[in-house]
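Worksheet: one structure, shown below.
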Amino acid sequence: MEEKILVVDDEVSLQETLSYSLKKEGYEVEVAGDGNTGLELARTYKPDLIILDVMLPGIDGFEVCRILRQETNTPVLMLTARDDEIDRVVGLEVGADDYLPKPFSMRELIARVKALLRRVRLIREEVETGAQETGLPKAMTFGNLIIDTNRREVSLDGKVIPLKPKEYELLAFMGLHKGRVLTREFILEQVWGWGFVGDSRTVDVHIRWLREKIEAVPDKPQRIITVRGAGYRFEG
């Protein structure tokens, strides 16, 4: 089954170029030229990945990404008009998984698309394999916390909690390695991948966000434990 990609960009020439190149790689592609149409297509087309420009007519890419993060964990690759750190930081803060400044080479974009989709597949497969080996269903249950690997959802006390894609992938990865001390560098490599431009502080930030959502008292975590001088350990 072909993986589906939604391209949201108002430059018609870039739409056509991206659509042609992605289809040539074997992906199914839909395009939108403004933020509102992009949101509607994301809801109805249900893509496996979204390529989203920051500068869009109507609502901009940041707002589109923010809204999407309340509804879906679909990976988002943001395109920025310039290599501006503010754009990158804001994009990551609202839930983008990766960013690419314009102008860019099509080879790099395709590589990033493949890397994002591959990481999602690998984490899902690793979690499902681990579940099968431990006799668990395709969901990991830790008391009142459930990680549903089919839906890519996490629920606490029976209520689904909204997680950004990287928050979900990080939690699923840690859940799979319950009880094991994981270094920041190992987490960064396995969850973000070698091509990620950032440092281990990225892990700390996402851990803090996760604690705020799944810990009863975030300042006194019982699930995600800091191991001083080493990293983190998930106790479930």
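Condition check for GLY193 on (1) at pLDDT 90 or above; (2) in contact with a helix residue (DSSP H, G or I) (Cβ under 8 Å, 6 or more places away or on another chain): one failure, at (1).
For LYS23, the stated conditions hold: it is in a helix (DSSP H, G or I), out of contact with any Cys (no Cβ under 6 Å at 6 or more places or on another chain), at pLDDT 95 or above and surrounded by fewer than 16 Cβ atoms within 10 Å (Cβ to Cβ). A Cβ distance below 9 Å, combined with a sequence gap of six or more or placement on separate chains, defines the contacts here; from the range 164-188, residues that are among the hydroxyl-bearing types (Ser, Thr, Tyr) reach residues that are part of a loop (DSSP other than H, G, I, E, B) in the pairs TYR168/ASN73; TYR168/ARG152; THR183/SER200; THR183/ALA230. Within the range 87-144, the only residue that satisfies the criterion of being modelled with pLDDT of 75 or more, at positive phi and over 16 Å from the mean Cα position of the chain (by Cα) is GLY143.
Apart from one condition, ARG151 fits all of (1) basic (Lys, Arg); (2) under 15 Å from the mean Cα position of the chain (by Cα); (3) within 24 Å of ARG112 (Cβ to Cβ); the exception is (3).
ASP9 passes every criterion in (1) at pLDDT 95 or above; (2) closer than 23 Å to ARG121 by Cα apart from (2).
The values are calculated or read from the model by the stated rules, or taken from the named source; none is laboratory data. Note that the structure is predicted; figures quoted are calculated from it, not measured. No Cβ is skipped: glycine too gets one built from the backbone with ideal geometry, and neighbour counts run over all protein chains shown.
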